[in-house]
Structures are given as C-alpha cells and as structure tokens.
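Okay, structure first, notes after.
The values are calculated or read from the model by the stated rules, or taken from the named source; none is laboratory data. Since we're looking at a predicted model, the values are computed, not measured. FYI the Cβ positions are ideal-geometry reconstructions off the backbone, even for glycines, and counts take in every protein chain you see. Heavy atoms of the whole protein, side chains included, go into the accessibility calculation; ligands, DNA and RNA do not. Shrake-Rupley method; radii C 1.70, N 1.55, O 1.52, S 1.80 Å.
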Amino acid sequence: MKSQQAANRPDNTAFTQQRLPAWQPMLSAHFVIPGFLLIGMAFIGIGVALYITSQNIQVLEKDYTGTGQYTACSECADMQTIPCICNVTFSLTTLFTGPVFLYYGLSNYYQNYRKYQVSRDDVQLWGDVTKSPGDACAPYQYIDNKPIAPCGSIANSMFNDTFSLYQIINGTMKLVPLDGKGIAWWTDYNIKFRNPSAQGSLQDAFNGTMKPVNWSKPAYELNPSDMNDNGFLNQDFLVWMRTAALPDFQKLYRRITSGDYALGLPPGDYVLQIEYNYAVKDFGRKKVVFSNVTWMGGKNEFLGVAYIVVGSLCLVMSVVMLVVYAKYKFADENA
Amino acid sequence: MDFSALRNLISRYCTGEENWVDSRTVYIGQREPPPGTEAYIPQRFPDNRIVSSKYTFWNFVPKNLFEQFRRVANFYFLIIFLVQLIIDTPTSPVTSGLPLFFVITVTAIKQGYEDWLRHKADNAVNQCPVHIIQHGKVVRKQSRKLRVGDIVLVKEDETFPSDLILLSTSRDDGTCFVTTASLDGESSHKTYYAVQDTKSFNTEKEVDMLRATIECEQPQPDLYKFVGRINIYQDRDEPIARPLGSENLLLRGATLKNTEFVYAVAIYTGMESKMALNYQSKSQKRSAVEKSMNAFLVVYLCILISKALINTTLKYVWQADPNRDEPWYNGKTDHERQRHVMIRAFTDFLAFMVLFNYIIPVSMYVTVEMQKFLGSYFITWDDEMFDEELGEGALVNTSDLNEELGQVEYVFTDKTGTLTENNMEFIECCVDGHVYVPHAICNGQILSGSSGIDMIDSSPGPDGKEREELFFRALCLCHTVQVKEEETVDGIKRGIHQGKATSFYISSSPDEVALVEGMKRLGFTYLRLKDNHMEILNREDEVERFELLEVLNFDSVRRRMSVIVRSSSGHLYLFCKGADSSIFPRVISGKVDRVRARVEHNAVEGLRTLCVAYKALSQEEYHNVCQLLDSAKLALQDRDRKLAEAYDLIERDLILLGATAVEDRLQEKAADTIESLHKAGMKVWVLTGDKMETAAATCYASKLFRRSTQILELTTKRTEEQSLHDVLFELGRTVLRQHGSLTHDTFSGLSGEFQDYGLIIDGATLSAVMKPAQDDSSGNYKEIFLEICRNCSAVLCCRMAPLQKAQIVKLIKASKEHPITLAVGDGANDVSMILEAHVGIGIMGKEGRQAARNSDYAIPKFKHLKKMLLVHGHYYYIRIAELVQYFFYKNVCFIFPQFLYQFFCGFSQQPLYDTAYLTLYNISFTSLPILLYSLIEQHVSMDILKRDPSLYRDIAKNCLLRWRIFIYWTFLGLFDSMVFFFGAYFLFDNTTFTSNGQIFGNWTFGTLVFTVLVFTVTLKLALDTHYWTWINHFVVWGSLLFYVVFSLLWGGVIWPFLNYQRMYYVFVQMLSSGPAWLGIGLLVIISLLPDVLKKVLCRALWPTSTERIQNVEKLYQSHLSEFTPLPLLNSSLPDFEAHNINPRRSGHRSKELMYTHWRGTTGYCTFSSTLGPPGIGRTHRLVGLETSV
C-alpha cells in the first residue's frame, strides 16, 4: 500500500509544482523611463551620424527614356533605327568622389511579377543545358522544339542598353574606363551559376540550344572582349537575374575604379554614349545614375531621419511618462 | 447510448408506430409461459453492456475524421489544401498539407487514447461477475451477458447489475435494505419488498421452479416511478397477477445492505437501466475560449476573403491597361491567353486566398491542443491536490476545458459526499442550559468559553439529575430507529463483542442514528423494540422497558415527531422531538431562554439542532389521545388533514427538556473553499437529493448561508399555501426592491450594508416552475425564477432527481448572460449535471467512481476545488488567452506585409517570403516561445492567487478575449506589419545599401521583413512574459538563434532537391550590410514601442487589481508574511471589505477559528466562544432553517 501510494504520488519537483525559480521583470516606471531616455539619446546620436553620412553622398541621375519632360535620347525613343546611339551630356563642377558607381534604373517595371519571377530554371543556370527547361519558363521554353538557354521571361527580357562614358578634354573625348567585374554577387558568379561544360569552346557547350527570342546574340557571345564574362556567367546577366523587389529599381552597371578616375570623376564635361535598345516607354522610364557609396551604401535619408524621429519620440515619451507617474503613481504609493 | 437510441429508432420504424408497444413482457428465467396465455410477443432487449465510449475500433477513423472536419478551422485548412492541389498557386501544397496532417493525426491520437481509456473502464464494469440462476444452479457470468428475464443472486454489499424485480430475500419478511447513495445521494437505508407470492423462496431450486411473466412499462428515467404486473402461473390455473411498484424495483447502481442475499429478476438491462437513462449523452464540451477563438476565426476569415476580393478586383482594374496585363517582358502562354476572364479571376481569387491563408494559423490549433494536453499534467502533478488518504491526486479526463476553470461563474455542488463527509456525528446536547458532550470524544478536554458550558461530570443537583435522565430517555425512545443485531443474523460469525451484543442502528434518518448513538455514549443504550416494548440499558446497566403506545410520525410540515410510551412503573409520557421553531411555541415551561440561546449558538455553528420536550399524560388524557388518533386514522376523507389536526391537539403544553446538536461533518476546509469561491465572484448552488432541513443545515455550516442571509423559500409547503404564481412574484418583489436601486453588482451581498439573500427550492416546485407555460400570464415563471436566483448569493435546491440537477444547470446555462457553470459531485446521481455543466468535476468519493469517470476533472476532495479554480483555472485562462491573441497577432504581422506587397508587384500573388519561411514561421520560428509561455507563465504567484480569491474576478467573463482587446491586438499587428513593410520599403528605396554598391533583390527584401518580423513577435512575447524561468530564456533566445542558424544554413547550401535556389546566400549578404542591421534594430524598436507605452501608461493610470498586486508583490516581496491577507497591503482594492465578511471577527481571526474548527477529530470540542454582542443578528432569522419571507 505504501509503495503504491508512493507510485501514485506525483513527483515533487520544482517543475511539476510550477515553482521553478524565475526572474519576474515588470514594465515599471523605474525601469522604463530611464530606458526610454537612453534609447532616445542613442537613437538621436545614430540618426545624426547616418543623416550626415547620407548628405555627403553624391548622386547624379539622368533620365534617357526620350519621352516626356526629359528629352535626352528622344531621337531613339521610337525604336526605329537599330542600333540607335544617343548621347547624354553633363558637366561636373566639383570632384565626384570615387569610387563612382554607374547604375541603370527602370521604373514601373515589374520584375517581381509572380509569373515573371518564376520564369527561370535554376538547374539549367547551374550548367545543365541538356535537360529540358522547366515548365515555368513558358512561353520562352522552346523554339522549334529546341530548348532556349537561358530560358524564361527574366533572361529573355535582359536589359541590353550599353553605356560608355567619355570626358571631354579640350574637345576630345577621353574614354573613362568602366569596370564590369564584381558587379554581381560573388556567390552568384562562383557558385550559383555555372556555364555548361563541354570539350571545346563555350559555343560547343551551348550546342543544341537556342538563344532567347529578344537577344541579338547568343549567350556565349555576350561579352566578346572577355571570354570569362560569357554564357551564364556574364556579370550583366547575373545582375539582371537577381530580380528586383520593387517596380522602381536600379541595377549596378559598372564601377569607375581604374586609371585616372580611380579617385573619382574630376570636374569637367562628360558625354555618356548610350546604345538605345531597351523598350520601356510604353509603361515606364529608364535612367542612368552615378553615385558613390559609403559604409552605409547609397544615398538614403530615410534611415537617419527615422532614427532621429524615433529617438525624439522616445525622449518625449519618457517626459510624458514622468509626468504621469509624478501625478498618479507617486500619489498612489503614498496613499 | 447511440446504439440503443438507434435501435429504438429502427424498431420503431420496423414495427410501425401503431405496433410500438408501451410495455414489455419479461419471461422470468427466459421461459415461455404455459400455452394458452396471451399471444407471445417476442421482444428484443439490449444486453447489459454499459457503453460510455464514443468510438469503436471500426468507426474510429471515419467518425473521428468527420468530427474533426466539423471544426470550422480544420475544414478550412482542408479546403485550402485542396485548392492548392488543384490550381496553380504561389505556394506549395505542402505548406498547408503537412501541418494539417499533423494536426489531424495528433488530435486523433489523443482522442483515440482517451476513448481507449473509456473502453477499459467500460470493460471493467461490463466484465465484473454476476450470479445467475440457471437450471437450479448458480452460474457466474460476466455482467454484460446478463439478459432481461435472468434471475440474479445478489449478496450483501454487492451492487445490483441491472434494474431488478425483487423476488425473495434472505429475510423472512421478504424485505431487504438498499442504499441508493450512488444514485440519488441518499445514504440512508431504504426498504424494498419482495413479491408476496415468491418471498418464501429460499433456494435456487425453488426460484428456478417459478413460472411467471412480468409486464412493465418501457424504461424511463424517473428513478422513483415504476408500474408493472407480475403474472405467476401455478399448475394449469389462471395466473395470479400481482401489482409491482417502485418498492419492488431494485435499481442498478444501488447496493444491497444488511441482507444476506436476494433473488431478483432483471427487467431493464444495460443502457436501458434507470441509472443509464439518467446519464446524458456525452457531447463534446467547448470552452468559452474556444468559442471566442472560433469567433475571431470567422473575423479573420472575413478579413481573408475581403483581402482576396480586394486584391482580385484591384488586379483587374490595374491590368485593364494591356501594357500592365501583358508587358512585352512578361509574355503569357497561349493557354493562359485563351482562358476565360471569369475563370482567370476566380483562379486569382483562390490564389490570393492561398497566399493569405496563413493569417488563420493552422498551428494555432496544434499549439492550443498541445498546451491543453501538456498543461493538464500540471493538474495531475500538483502535490497539493494529492490526497494521502486516497493515495491519489487529481485526474484530468478532458484537457479541453483547462481554461474554463478560470471562467466559472456558477458552481453547482452536490451536498452528500461532496460538501459533507456524509457522516453524522452527535456533538452535544443541552439540558436546561447545561451542555453535555459525549465522553468518548472529549475526555474532559473541554475548553470552556465565556458562556456557561458544563460538563457531564458536574452534577447539576438532584432535580437536574432527574431532568437529565428524562432527557436521555426521551432521546432513546423518541425515534424510529431499527436495531440490527448481528447476533440474530449470524450468531457465530460475529456479534458477540465484549460480552455484549453488537448492534447497528438503521434508520431512514441519519440524524436519528447519530442521536441514538450519542445517547449510547452518554450512557443510555437503546437495545431493541421487542413485543412493542422498547428496551433501554441505562447507566447502571439495568434494562428499562417502555411500552410503545403511539408513534406520531415525523412530517416536514410539523417538523416534529412524538411517541407515547408507558414506563414499567405505569406512568405515561409523550416525548416530542423536533425543530426548534416547531417546539418552542408549544412549550409551557422549562428553561426556554437558556436552551434557545444554545440552539441559536449551535445553529450559527452550522450544527443541526433539535429540541426535545415531554409531557406526562394521565390515563384519561391518554384515552382522549387514543380516541383522537383513531378517529383521524379511520376517516375516509381528508385523512391527512384530520391527522394533522389531531397531532396538533396532542402535541401541546409541553415541558422543554433540552436540545441536541448533530453535525453532518463537512469535508475538510469546505467552508473555507466556499468562502473563497464567493470572494472570487462565483455563485455557489447546492443541488441535493436530500431533505431540505438537512441540506439547509449544511449550507449554514459551510458558510453558504450566513447568519445575516435572508432565506427565501420556494418549497412545496409554501406553494400549497399560496399559488406558485403569488409566491414567485412576492419573492421577486422582495429581492428586486433591494437590488433595484443598486448597481447590478451581484456580489453586493457581502458588503454588509444590504440584505444578502439565499434561496431554497425543492424539486417539486422546481418542476412546476420549469413547466412550459400554458397561458401567457404565467409564461415567464422561468424568467422570474432566474431573476430571483441572480440576486441571491446562494441557492439551495433540495429533493432533486438527477435529471433535475441537470435541468437546473441547463436553465442557468441558457439564461441571458450565458454564464459558465461548473458542477461538482461524487455520486452517480451527479453524473447528469456533471455532463451538462460547462465543466464537470467529480469527487473521488466513497460512493464509487461513476462521477469521477464521467467528469472532466476528478479531484480527491472538495477543498481542492479552490486551487483548481483559483490557481490552475486562472493560470490556464491567462495563458490560453495570451496564446490565442498572440497567435492571431503574429499571423497578422506575418501576412499583412504580404498583402501590402501585392500593391507593389502588380497583384500577381508574389509571395514576399520564401516557402521555407512561410512553412516554418508558425511551426518552428515562433511556436515554442508561445507554447512554453502558455505552459509556465505566472503573472502573479500561486500563493497570492490562493490568498486573494478576488483576483479571479479580473479575468471573469472571458475578459482577456473581449472584442476590444482582440481589436487592440489586431491593430497592433497591423501597425507592426506596416512598420516592417514600409520600413523595408524605404530602406530599399531605389538604392543600394552595401558598401560595394551591389544591389539586393526581392528575396533579400522579404528576408529583411521576415527577420524584423521574427524578432519583433518574439520580443513582444518576451515583453509579455512575467515569469522567466530558464526554460523561457532557453526557448525565446533559442528560437531567435534557431532562426538565424536556419537562415544561414538554408541560404548556405545549394539544395539539390529544390528546383530553385532563390535563397542562396541571401541572408548572409543581407547581414553583410550595416544599414540592414541598423534598419532591423530600428524597425523592431518602433514596432515594440507603442505596446510598451500602452502597458506602462495603463499600469499607471488604470491598473487592474492584478496589476496592483503585481506592483505590491514587487515592492513588498520581502515583507510578506505567510498570513498577512494581501488586500490589506493595498487598501484601494475595491472589494477589500469582502475579506472581512464577518464584521465581528477580523479576517485573521476567522481564519484561525476556521482552522481549529476543521482540523479534524481532535478539534471537535473547541467551541468558538464568540457569541457576538447581543442584539446584532439576534432576530429569529438566526435560527436558521426556519425562516422564510
């Protein structure tokens, strides 16, 4: 009987009796008001630093859609002559501190459209062009029963305007070297994307596949000047394949890091020569952006302002709470 | 139960309504009657199996699936899953199919296990052996094989296996004694009678020779009604027919007592026995929280559908421009172009539904299930609810109702065995103001108080001595107790005990037994009634013989009984015993004042008091009495009235001898428990099958009725005088006059300023009240009754049949506030109310396990109810309330950004988060912290909850799940999700935020939002946690860490089984950027700020008493001593007065007294000497039961 009782008896441990030792914090004034003060001051500090940093970033934007208020490249906007080359000129009065980054930006362009988004085949892009491309690539899956490589809407709609920048020095155009290396993620270039492997040239590897409908050249001829920048590993292609989050987006085109321009673009007149191929005027706009970056990336005032606002709010709130406490709480405690 | 119902239905249809028989014919011993009798109608009866289980092996899967998919949520998930299978959706079917499968399986396993336990219990009952007479021999069979018509042999202390007609007993007179304690709660012995023609049968052979049929009505649930006829065939003669009534019917569940054996024939078996018919079918109980949850679910479903509709509409408005519908870069396939626009729109709608379906979290149901299941272990583990005596702790039969324990508004409790120990004890008697306490208990350890308490040893003088002995003789003679002397039954086995015959007293009134036993301890032993002479053994061990001349039986109107005896010396005496109110007016001499004082004192203590008076009769007077009685007895009309008149004439001009006090001992701490429940705002109703007087005394003892309580009576006695209509309206006026001018605070009774009402109603009146109205004028009896009840702090319902108990519960449940009810009981008679109430609690009592088995929770003692409700119930409620609100909140936070994202992705159903995040968000990233919170959160400590029951009111009426709070949480969720989404939006605004100028894509955007989301909702929970054990730390920080590690891993490897690698290195790239870190920190803090602010301000400006207690607890933690009543520390508690209910005793004092009083047997003689100052409450009301308005 005794042992049976013992067997029935529940374990008398702190856990089973719900008496585990515990820390019992409370959101009391003693704790919250100083907390708010601290957070407020810290945030204002961070905010000011961010804001100042952001103010020091230089940005130069040039819309070259060719329609509407910006007239640059209007001669090419109707897309009649192919290729159509137009020039955008601008002048700098101060040094545009380097390294300078060249972006192209599209607006009202839905790279995040669901059907568009999935219209790719990551297995193919990992170097397997022999298998049939995934159904998600439709309608850019096959041409004449030959698989398209790279298949899908994303690849098909790859941005194909090209830019070259010249500084006008005494009436002559001096080419500003643009660096196309490392504009895509390191992991995309080295791991996630792979060219198909075959004996012989890259062209052989792509044998039996078709180029995307909109492309003028097949994948293995994207960059004739650098053999390693072709196929699925073309940097511009990689950048394009990382689909943008929002309908207005920028993508990195080139860096200006070498030669005379390593420290930045000196004051002077510049010409940006654009090969105008990409049609956006029906739904949106395109632009080119020069910008330099700091540790916090490109120019973005939001973060700094938000930090300052939230910090100030915290300070105000701590004062409000102090008043409330002085009025109610302490009276209450004395009672 | 389903079975018999189904069978009835089928047979009804098969035979056609006309052929449906109202009676059944039972062939005793399964033998057909001799030919030539009435047409032989074969009838099929169910076997004797009791089925309380829900499923069988075969129907488990379909039935369980059906039941589960009847739940709105499960059905909804099923639909979503099917939609995902059929159409092209943004997310994989696995994301909803897997969790659904998991939920269904877990629930099915749980329910299957519970049903298996029920099967086991059923089998134990169905397989216990019974003895059946077959072919003149006793055969042992399993109980379930017993058939209608079988003759059964039942031995002493065995329980009847089915409803039986008594054929013969071991006693010569064909009677047997039965206790129906487990059926209707009456533990007294009742006498049943064998059929006249068969009572002489004494052996199996004889019984087996019997050829007879029984015709009786079809089974019906009324325990006290039975009509039948037995036809006995002897030789070739016409059968002898004898009527059968309920006095011949032994009910299943009752126990044979004091009778060696009986032979009886089974007529109602299995689920048709009256006990089983008094069960109610087990329906699944839903807690109030679950109902709120379902309501919220519907709201969210509406939100979901409107979200999908809005998005679908906007999508088609937006893409009216062909450049948006199909821009050149995003070509459609021919197949897609050819689809009809309506089909496309419908598919889009479904796709949006699927995309947003996570707003109704499938995992909430899993988590709630798990919380309930695991949480219920804390009840079974609770050491404080472990009973040493029984060797058992609390049991949880249904874990679905844990939180309902924190919501109880009405407590319906059985009396016998639940409140009381069902054990009468003679406490004291008082002769002319001298108090006598039985030696055997006290051994002279009386603590004399201020009033004159004498001991038996102090001799009150020769005159007093005579009176004293007369008093004792009166008690020994004036009763209807039977003596069962073991000697006469079985001389050898036992009975000779220390040279004296051991005898047992049996009576229909346990009080009388207690009195006679008490007298025995005081030296006067009632021996027997022999040849109409009562024999008493007095103190000098001499036998005194009194001739019993007349017995004027007890009835509840007179409330007294008398005997007329002739002593051996030839003197004639009338001894009268009765309730004080019926004795005092008839007394002409004696020390009335002193006795009255004592009676009042005892009544206050909750003892059951009786007064004793006598009168000496001359021969002439006796002659008159005889004439009076005879003429009344012989009257053919109005016999009852004439008898009453005669009694009234006889019982007058009495001389008061003294008073007695008997205690139906309350269970340990029963009064304390009831007091706590009252303070916690619950209304306690006592529902008992017992007599009104007995029950009322218990109510006084258990502090349910107080001295100041004004008792309203709604009993047969009163309705005989006035019409029910008048009584009801009068009571209604009385109550409403008081409360009309006051606020509708039902707890007001305790503030002491105005009247506190208690209602007593009996079963007969109740059924009159409940009867559906015939005409409009009386149509709202129920309403008036409910209104009266609402304004009474305590209600006592006596003489209740089991189903009536359930009816009461149902009535309250259905009243307009829809209060949460709890029923607690220990016997089979309580099962129906236990099943009916929202929460049913069984006491593991002496009367078997029926109640415990059918209850939702079983506890060893009534006192455990306190911890069960005040601590466990409270905790479970706040835990699950937070769980539910938090779940909806975190899923709003989760899904609303995705909704907002649709505006920026052309309404294309693009998911914001990766599939892994979508699936795992609820399953692993945010599930464990809330689960563990909902298992171990303690917002205030256990001791405080127990010490301060009023905290229970802070959570009354489901207040943490009110719409206001739900909307607050929802808006908080909306605000937070806006912060997440637009914060990330502006951060991503057309720029890079890495130092190498590279650009992030849409998956980084989603991951950023998701990271902020996971951190915010987890930290929000951390802010809500008041009780940080190491487990909480482990789980909260562990979950966040797990999220980070998982993201690193998920993005760190090219997963070969995936056909997309969109998350590859996204997380690491994001973390490599400084602004991402700063942004996450900023957004998390912005999201949490308003909630922190709200908490701090509310706590300061409008604190609930729980929050006050928390503050106080914090401030005074070190000063708190064990016995300081907590409200004293904070005088601003609204119901501080409630603590000192008794204005004469401080709270501290009353506690002390209570303890000494209930500590146990040694505490008996501790009298509380505080008879308060005269005048206060010394009205006639005090006497207790007698009062009516």
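A few comments on the model shown:
- Answer residue from region A:32-48, given it is open to solvent by 20 Å² or more (accessible area, probe 1.4 Å) and more than 9 Å from every other protein chain (Cβ to nearest Cβ) and is modelled with the lowest pLDDT among those: A:PRO34
- Matching residues in region A:259-295 - criterion: being aliphatic (A, V, I, L, M) and open to solvent by 20 Å² or more (accessible area, probe 1.4 Å): A:ALA262, A:LEU263, A:ALA279, A:VAL293
- Of all residues in region A:173-199, those that are within 12 Å of chain B (Cβ to nearest Cβ) have Cβ atoms under 9 Å from Cβ atoms of residues that are at pLDDT 90 or above and open to solvent by 70 Å² or more (accessible area, probe 1.4 Å), 6 or more apart or on another chain, in A:TRP185/B:TYR1065; A:TRP186/B:TYR1065; A:THR187/B:TYR1065; A:ASP188/B:TYR1065; A:ILE191/B:TYR1065; A:LYS192/B:TYR1065.
- Number of residues in region B:1037-1066 that are within 12 Å of chain A (Cβ to nearest Cβ) and in a helix (DSSP H, G or I) equals 3.
- Of all residues in region B:297-339, those being within 11 Å of chain A (Cβ to nearest Cβ) and either more than 15 Å from B:ALA351 (Cβ to Cβ) or in contact with a Cys (Cβ under 8 Å, 6 or more places away or on another chain) (or both) number 17.
- Criterion (out of contact with any helix residue (DSSP H, G or I) (no Cβ under 6 Å at 6 or more places or on another chain) and under 30 Å from A:PRO21 (Cα atoms)) met by exactly one of B:ILE936, B:ILE930, B:ILE967: B:ILE936
- Listing of helices (runs of 4 or more DSSP H) fully contained in region B:247-347 that carry 3 or more residues being open to solvent by 60 Å² or more (accessible area, probe 1.4 Å) and out of contact with any His (no Cβ under 6 Å at 6 or more places or on another chain): B:288-318, B:334-338
- Residue count for region B:1078-1098 under the criterion of being of a type outside the set (A, V, I, L, M), at the interface with chain A (Cβ under 7 Å from one of its Cβ atoms) and open to solvent by 10 Å² or more (accessible area, probe 1.4 Å): the result is 1.
- Taking the conditions (1) surrounded by fewer than 20 Cβ atoms within 10 Å (Cβ to Cβ); (2) at the interface with chain A (Cβ under 7 Å from one of its Cβ atoms) in turn, B:PRO1075 satisfies each one other than (1).
- Within region B:1027-1057, tally of residues that are open to solvent by 40 Å² or more (accessible area, probe 1.4 Å), aromatic (Phe, Trp, Tyr) and closer than 30 Å to A:PRO25 by Cα: 4
- Restricted to region A:49-89, and to residues there that are closer than 19 Å to A:GLU275 by Cβ, among the aliphatic types (A, V, I, L, M) and open to solvent by 20 Å² or more (accessible area, probe 1.4 Å), the residue that is nearest to the chain's Cα centre (by Cα) is A:ALA72.
- Those residues of region A:227-255 which are free of Cβ contacts under 8 Å to residues at least 24 places away in the same chain and either open to solvent by 30 Å² or more (accessible area, probe 1.4 Å) or under 15 Å from A:ASP121 (Cα atoms) (or both), in sequence order: A:ASN228
- Conditions (1) under 30 Å from A:SER132 (Cβ atoms); (2) touching a residue at least 40 places away in the same chain (Cβ under 8 Å); number of the one not met by A:GLU221: (2)
- Scanning region B:573-599 for residues that are of a type in the set (A, V, I, L, M, F, W, C), closer than 14 Å to B:THR660 by Cβ and either in contact with a helix residue (DSSP H, G or I) (Cβ under 6 Å, 6 or more places away or on another chain) or not in a strand (DSSP E or B) (or both) turns up B:PHE575, B:ALA579, B:ILE583, B:VAL595, B:VAL599.
- Residues that are part of a loop (DSSP other than H, G, I, E, B) and open to solvent by 60 Å² or more (accessible area, probe 1.4 Å) within region A:172-200 comprise A:LYS181, A:ARG194, A:SER197, A:GLN199, A:GLY200, listed in sequence order.
- Cβ-Cβ under 6 Å pairs, at least 6 apart or on other chains, region A:127-144 side under 22 Å from A:TYR189 (Cβ atoms) and more than 12 Å from chain B (Cβ to nearest Cβ), far side in a loop (DSSP other than H, G, I, E, B) and not small (Gly, Ala, Ser): A:VAL129/A:PRO196; A:VAL129/A:THR209
- Per the listing A:LYS299, A:LYS281, A:LYS287, the residue uniquely part of a strand (DSSP E or B) and either under 24 Å from the mean Cα position of the chain (by Cα) or within 14 Å of another protein chain (Cβ to nearest Cβ) (or both) is A:LYS287.
- Flag for B:GLY1006 being within 14 Å of another protein chain (Cβ to nearest Cβ), within 28 Å of A:MET241 (Cα to Cα), open to solvent by less than 30 Å² (accessible area, probe 1.4 Å) and in a helix (DSSP H, G or I): yes
- Hits in region B:104-136 - residues which are open to solvent by 40 Å² or more (accessible area, probe 1.4 Å) and of a type in the set (D, E, K, R): B:ARG118, B:LYS120
- For region B:895-927, the set of residues classified as out of contact with any helix residue (DSSP H, G or I) (no Cβ under 6 Å at 6 or more places or on another chain), farther than 20 Å from B:LYS1020 by Cβ and in a helix (DSSP H, G or I) consists of B:TYR901, B:THR915, listed by residue number.
- Condition met for B:PHE971 (outside any loop (DSSP other than H, G, I, E, B), open to solvent by 20 Å² or more (accessible area, probe 1.4 Å) and without any contact (Cβ under 8 Å) to a residue 12 or more places away in the chain): yes
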